[in-house]
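Peer 1: Quick one: the structure is below, questions incoming.
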Amino acid sequence: MTTGTVRLTVAQAIVRYLDNQFIAIDGEEMRLCGGGFGIFGHGNVTCLGEALHEHQETLPLYRGQNEQGMGFAAAAYAKQWLRQRFMFCTASAGPGTANLLTSAALAHANRLPVLMLCGDAYVTRLPDPVLQQLEHFGEPTLGVNDAFKAVSRFWDRITHPAQIIQSLPAALNTMLDPADCGPAFIGLPQDVQGWAYDYPEAFFEKRVHRIRRQAPDAEEVAEAIARLSLAKRPMIIAGGGVQYSGAVAELTAFAEATGIPVVETIAGRANMLDTHPLNIGPIGVTGSESANTIAEQADVILAVGTRLQDFTTGSWTAFSHDAQLIGVNVGRHDAAKHMSMTVVGDAKLALTALASDYKAPAEWTKFAQGERKKWTDYVADNVAYGNAENSYAQAIGVVNALCDPRDRVVAAAGGLPAEVTANWRTLDIGTVDVEFGFSCMGYEIAGGWGARIAQAEREPDQDTIVFTGDGSYLLMNSDIYSSVLTGKKMIILVLDNGGFAVINKLQNNMGNESFNNLIADTPTATNPFAMDFEAHAAAMGATAETVANPNELAEAFKRAKASDKTYVICMQVDPYEGWTTEGHAWWEVGTPEVTTSDKVRAAHEDVESSRHKQRKGV
């Protein structure tokens, strides 16, 4: 370790430190930070911008169009890299930083590492009040950046140059911790960014990081094996943590050795191939009839790498009241949910440790496989097209049949996450990104851009395929332009159902009249018209076309695959017909207890009639 010092500004020191952090992945050493996304303003351009300019070859900076989109792209990049690498986002003080709040929340909900380096007000307060500063007269230090405390796993504001010697390693350690992983926020006051300090040269020495594998407790493993050995109807729920642990092979081997049926969460889609005989399908509110059927009957449930969100558990109605949960999770909070028997530890190590001579009863495994066969037949019929109106499922089926097995699929909000989860046939491991932790409109295109940046680093010949509805497209689409600017091709399907159709469906299902969701049912839309998505996408540099039906979509998708730049395919789908109607578990939504509407009252009573199935915390 060197003992000298080097005089740098705070901004220069941050960038130099990031440039010297590495990680070994599959035997290859690479930078831990893949670069960043930035929109410069007066709060970050003069100091941080100067520092980043000097390192642009090793820490490439992608110019964003919207700070929220930058955060989405960074989250998708980290997800594509299975949380082993991250990107930073830098925004100016004030509204630029505030725009990152939603994407920080998305990264927090999905446990994804994103580093935010954002401008802040002056520590000296000499020029106060400054441009874009909030003034809290009773608490002068309180500002926009404090809002990130609720959506960050690590938060700090640098008020002295020496603080980054502690703060930066702490931020990286948080982002690399399997249990505490999430976004890290560092506020950089505009004056402090430029202050100089004699930093120890040792702080900038190359460091190769590794992600900790926590071995499970031997007693917890023994208790879990003993309980599992008594199971008559066992089931495995495989969550996203299986992929982050690199435990797909161990999951498959454990399932094959025991004959235990496996169901997948939304985040866990693509843990197993669609054709694997023990893959019984996706579970929960947007799941499959097969997975939900066996979930109702299972007596022991091994939940691996899942946080057991309501869409997985059917708001805790999907399982028998007598079923015993065994939580296998690196995070104790997730492992212990609903009084689960816990195995706290890395999924890869835990699944290996849980190996025993136990075999699930053959008739149970056969029953589960029979249910899966029924679901496979249903999906095949659901995605077929002919005389039926255009639907999400048909579009999904077309793409699924023509894409490369290693192409990556991205979806996030509206009706498409449910439709992709239910109808997509996994062709290869780890190829599906359905963002349903925060289910955030706007993630689709921005996230697709970030996913493509990551994909291009290892699989440049594959494609990133984005499914988005018209609502999400209108909310955030400018990274079509970003993708063309940067040569990061995406294939984007814009499936237009004339508004927020899935919420209109929920509105109707709960007895309410259509109101303010579809454009046609918006009273203040006095001049309704259809958006020309093709022309809009073409104006941002993409190749774009509109198709009338799934047959035309198939031909357009072939052209998109052959294209060398972002390709947008637009197709109208029916807002009322063609939804996947089977495979849904109960979902708790708030309904009016008192109403003058007979339909709303009937819907409320129907919802409440299933509440007896809900496990109350146990």
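The values are calculated or read from the model by the stated rules, or taken from the named source; none is laboratory data. All values derive from a computational prediction rather than experimental measurement. Every residue, glycine as well, gets a Cβ built from its backbone with ideal geometry; the counts of neighbours run over all protein chains shown. Accessible surface areas use protein heavy atoms only, side chains included; no ligands, DNA or RNA. Shrake-Rupley method; radii C 1.70, N 1.55, O 1.52, S 1.80 Å.
Peer 1: Size of the dipole of the stretch 125-174 about the Cα centre, Lys and Arg at +1 and Asp and Glu at -1 on the beta carbon, nothing else charged, in debye to 20?
Peer 2: 200
Peer 1: Continuing with the same structure: Tell me, what ³J(HN,Hα) does each residue in the stretch 541-556 have, in order and in whole Hz, if you take phi through Karplus 6.51 cos²θ - 1.76 cosθ + 1.60 with θ = phi - 60° and put x for Gly and Pro?
Peer 2: Using θ = phi - 60°, the values come out as x, 7, 7, 9, 8, 10, 10, 9, 7, x, 4, 5, 4, 4, 5, 5 Hz.
Peer 1: Another question about this same structure. Which of Ser563, Gln507, Ala525 sits farthest toward the positive end of the charge dipole of the stretch 494-598, with +1 on the Cβ of Lys and Arg and -1 on the Cβ of Asp and Glu?
Peer 2: In the stretch 494-598, that residue is Ser563.
Peer 1: Among residues other than Glu54 whose Cβ falls under 13 Å from its Cβ, what is the net charge (Lys/Arg +1, Asp/Glu -1)?
Peer 2: On the way: positive: Arg16; negative: Asp19, Glu50, Glu57.
That works out to -2.
Peer 1: Right, here's the next one. With Cβ to Cβ distances under 12 Å as the rule, what net charge do the other residues near Ser167 carry (K, R +1; D, E -1)?
Peer 2: In short, 0.
Peer 1: Per residue, how much accessible area does the stretch 528-618 have with a 1.4 Å probe, in Å²? Show your work: numbers first, answer last.
Peer 2: On the way: 5150 Å² over 91 residues.
Accessible area per residue, the stretch 528-618: 57 Å².
Peer 1: While we're looking at this one, here's another question. Add +1 for every Lys or Arg and -1 for every Asp or Glu among the other residues with Cβ under 13 Å from the Cβ of Ile39, and state the total.
Peer 2: With Lys, Arg at +1 and Asp, Glu at -1, the neighbours total -1.
Peer 1: Say the dipole of the chain comes from +1 at the beta carbon of Lys and Arg and -1 at that of Asp and Glu; which of Leu112, Gly414, Gly71 then lies farthest toward its positive end?
Peer 2: Leu112
Peer 1: How large is ³J(HN,Hα), in whole Hz, for each residue of the stretch 238-247 in order, when computed from phi with the Karplus curve 6.51 cos²θ - 1.76 cosθ + 1.60 and θ = phi - 60°, using x for Gly and Pro?
Peer 2: Computed from phi, the couplings for the stretch 238-247 are 9, x, x, x, 4, 6, 5, 7, x, 9 Hz.
Peer 1: Taking 28 Å as the cut-off for C-alpha to C-alpha distance, list the pairs among Lys374/Lys488; Lys206/Lys488; Lys374/Lys505; Lys149/Lys613; Lys366/Lys558; Lys79/Lys348 that go past it.
Peer 2: Lys374/Lys488; Lys206/Lys488; Lys149/Lys613; Lys366/Lys558
Peer 1: How much of the accessible area of the chain, probe 1.4 Å, is carbon plus sulfur, in whole percent? If you can, show how the numbers build up before the last one.
Peer 2: Details: 12880 of 24670 Å².
Exposed carbon and sulfur together represent 52 percent of the surface.
Peer 1: Continuing with the same structure: Could you let me know the centre-to-centre spacing of the stretch 480-536 and the stretch 23-70, using Cα atoms, in angstrom?
Peer 2: Comparing the Cα centres of the stretch 480-536 and the stretch 23-70, I get a distance of 33 Å.
Peer 1: Next question, about the same structure. Please compute the modelled spin-label separation between Glu593 and Arg227, points set 7 Å along Cα→Cβ, answer in nm with one decimal.
Peer 2: Modelled inter-label distance: 3.4 nm.
Peer 1: Further question: Enumerate the calculated ³J(HN,Hα) couplings along the stretch 324-332 in order (Karplus 6.51 cos²θ - 1.76 cosθ + 1.60, θ = phi - 60°), each rounded to whole Hz, writing x wherever the residue is Gly or Pro.
Peer 2: After applying 6.51 cos²θ - 1.76 cosθ + 1.60, I find 9, 8, 10, x, 9, 7, 6, x, 4 Hz.
Peer 1: Under a Cβ-only charge scheme (Lys and Arg +1, Asp and Glu -1), can you give me the dipole magnitude of the stretch 492-618 about the Cα centre, in debye to the nearest 20? Before the final figure, lay out each step's value.
Peer 2: Numbers: 11 positive and 18 negative charges, 110 e Å.
Here the size comes out at about 520 debye.
Peer 1: So, one more: Taking only C-alpha pairs under 8 Å that are 6+ residues apart, what is the relative contact order of the chain in percent?
Peer 2: It rounds to 13 percent for the chain.
Peer 1: Quote the charge dipole size of the chain about the Cα centre in Debye, to the nearest 20; the model charges only the Cβ of Lys and Arg (+1) and of Asp and Glu (-1).
Peer 2: Roughly 1120 debye for the chain.
Peer 1: Using the heavy atoms of the protein chains alone and a 1.4 angstrom probe, what is the accessible area of the stretch 180-224 per residue in square angstrom?
Peer 2: Here the per-residue accessible area is 49 Å².
Peer 1: Please report the antiparallel percentage of the DSSP beta bridges confined to the chain, to the nearest 5.
Peer 2: Percent antiparallel among DSSP bridges in the chain is about 15.
Peer 1: Direction-averaged shadow area of the convex hull around the Cα atoms of the stretch 83-147, nm²?
Peer 2: Value for the stretch 83-147: 5.0 nm².
Peer 1: Heavy atoms of the protein only, probe of 1.4 Å, neighbouring chains included. What is the accessible area of Leu518 in Å², nearest 10?
Peer 2: Counting only protein heavy atoms, the figure is 10 Å².
Peer 1: Okay, moving on. Around Gln324, which amide H atoms from residues at least 5 apart in sequence, or from another chain, sit under 5 Å from its own amide H, with H modelled in the peptide plane?
Peer 2: For Gln324, whose amide H was placed from the backbone, the distant partners under 5 Å are Val300, Ile301.
Peer 1: Let me ask another. Give the distance, in whole Å, between the Cα centre of the stretch 384-431 and the Cα centre of the stretch 88-129.
Peer 2: 35
Peer 1: Please calculate how many Å² of accessible area the stretch 406-480 carries per residue, with a 1.4 Å probe and no DNA, RNA or ligand atoms counted.
Peer 2: Value for the stretch 406-480: 22 Å² per residue.
Peer 1: Would you work out which of Ala238, Met272, Tyr197 lies farthest towards the positive end of the dipole of the stretch 189-303? Charges go on Cβ: Lys and Arg +1, Asp and Glu -1.
Peer 2: Farthest towards the positive end: Met272.
Peer 1: Still on this structure: Among 548-561, 19-32, what's the highest-first ranking by average C-beta atoms within 10 angstrom per residue?
Peer 2: Put in order of decreasing packing, that is 548-561, 19-32.
Peer 1: Quick query: amide H of Cys570 versus all other amide H atoms, modeled in the peptide plane; which residues come in under 5 Å with a sequence gap of 5 or more or a different chain?
Peer 2: Placed amide hydrogens put Val494, Glu545, Thr546, Val547 under 5 Å from Cys570.
Peer 1: Amide H of Arg157 versus every other amide H placed in the peptide plane: which residues, excluding those fewer than 5 positions away on the same chain, fall under 5 Å?
Peer 2: Under 5 Å from the amide H of Arg157: Gly187.
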